[in-house]
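S.K.: Dumping the structure here so I can ask a few things about it.
The values are calculated or read from the model by the stated rules, or taken from the named source; none is laboratory data. Keep in mind the model is a prediction, meaning the values are calculated, not measured. Neighbour counts are summed over all protein chains in view; Cβ atoms, including those assigned to glycine, are modelled from backbone coordinates with ideal geometry.
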Amino acid sequence: MSRFVIYLHDATQHERIDEVTSFVAEDASGSFGIQAGHARMMTTLIFGLARYRRHQESWEYLALPGALLYFHDNQLYLSTRHYLRDHNYGRIMASMDSRLRNL
């Protein structure tokens, strides 16, 4: 299966996540997914959770107070004010409610 890279950027940190096979998020038009080879795109994500999966691993969640997404040439860029990342759905939902709603 083809893979792509995610670059996460916020006001205080940045990360590179390799070997991503699938990404799911939501913008104003609804939920969508991205896999390697997807056409170039740019959109604004709404407040909430996005998720991604690396090769043969479980989903990992990103809590975002909104973000700018740009995908091109198997590289996905996410720029936001702040983000949280966790493998545990319940824990990230609690963190999102307590930490991101007040941004």
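S.K.: With respect to Tyr52, determine if the residue is touching a residue at least 40 places away in the same chain (Cβ under 8 Å), part of a strand (DSSP E or B) and touching a Ser or Thr at 6+ places or on another chain (Cβ under 8 Å).
M.R.: When the stated conditions are applied, Tyr52 passes them.
S.K.: Please pick out the residue among Gly90, Gly30 that is free of Cβ contacts under 8 Å to residues at least 40 places away in the same chain, over 14 Å from the mean Cα position of the chain (by Cα) and over 26 Å from Ser2 (Cα atoms). Let's see the steps before the verdict.
M.R.: Values: Gly30 fails: over 26 Å from Ser2 (Cα atoms).
Result: Gly90 is the single residue among Gly90, Gly30 that is free of Cβ contacts under 8 Å to residues at least 40 places away in the same chain, over 14 Å from the mean Cα position of the chain (by Cα) and over 26 Å from Ser2 (Cα atoms).
S.K.: Is it true that Ser95 is modelled with pLDDT under 95 and of a type in the set (S, T, N, Q)? Talk me through it step by step, then tell me what you get.
M.R.: Working: modelled with pLDDT under 95: yes; of a type in the set (S, T, N, Q): yes.
Taking the combined requirement at face value, the residue satisfies it.
S.K.: Might you check whether a residue that is surrounded by fewer than 16 Cβ atoms within 10 Å (Cβ to Cβ) and in a helix (DSSP H, G or I) occurs anywhere in the stretch 66-75?
M.R.: So in the stretch 66-75, the residues surrounded by fewer than 16 Cβ atoms within 10 Å (Cβ to Cβ) come out as 66, 68, 70, 72-75.
Still in the list and also in a helix (DSSP H, G or I): none.
There is no residue in the stretch 66-75 that is surrounded by fewer than 16 Cβ atoms within 10 Å (Cβ to Cβ) and in a helix (DSSP H, G or I).
S.K.: If you take the residues of the stretch 4-49 that are small (Gly, Ala, Ser) and in a strand (DSSP E or B), which of them is surrounded by the most Cβ atoms within 10 Å (Cβ to Cβ)?
M.R.: Residue satisfying both the conditions and the ranking: Ala25.
S.K.: Give the stretch 55-65 a look and list any residue that's part of a strand (DSSP E or B) and either at pLDDT 95 or above or exposed (fewer than 15 other Cβ atoms within 10 Å of the Cβ) (or both), or say none.
M.R.: If the condition is that a residue be part of a strand (DSSP E or B) and either at pLDDT 95 or above or exposed (fewer than 15 other Cβ atoms within 10 Å of the Cβ) (or both), then Trp59, Glu60, Tyr61, Leu62 are the ones that fit.
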